[in-house]
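Bear in mind that the values in this text are calculations on the coordinates, not laboratory data. These numbers were taken from a predicted model, which means no experiment stands behind them. Counting neighbours? That spans all protein chains shown, and the Cβs are built from the backbone with ideal geometry, glycine included.
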Amino acid sequence: MGWDVVRDFFAHHRGKFFGSLLGLVLAVMIMRLGFLWTLFITAVVAAGYLVGKHFDDEQDNLLDVLTRLLPPGGRR
């Protein structure tokens, strides 16, 4: 069994593999930390992913995003 078999497996079943791995990680986190902590950590990770994706897609910098989100009047 060579690396060609492994590469072929991941090429055809990448989503299934990572979905199963994510399910396993979430199950262990729920058992160790509890449901609410796991939900909080998942929400923070998802928010971080969305912010990073926005920066990757839009090429905005942090100051531009904060200027749009925060109310004016705080700068001097």
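Rounded to the nearest 20 debye, the dipole magnitude of the chain is 320 debye, with +1 charges on Lys and Arg beta carbons, -1 on Asp and Glu beta carbons, and the Cα centre as origin. Projected onto its three principal axes, the C-alpha set of the chain covers 65, 34, 14 Å, listed from the longest axis down. Backbone geometry of the range 27-36 corresponds, through the Karplus equation with coefficients 6.51, -1.76 and 1.60 at θ = phi - 60°, to 3J(HN,Hα) couplings of 5, 5, 5, 5, 5, 8, 9, x, 5, 5 Hz, x marking Gly and Pro.
In the chain, the DSSP-assigned H stretches of four residues or longer account for a calculated mean residue ellipticity at 222 nm of -28500 deg cm²/dmol, using -39500 (n - 2.57) per stretch and the full residue count as denominator.
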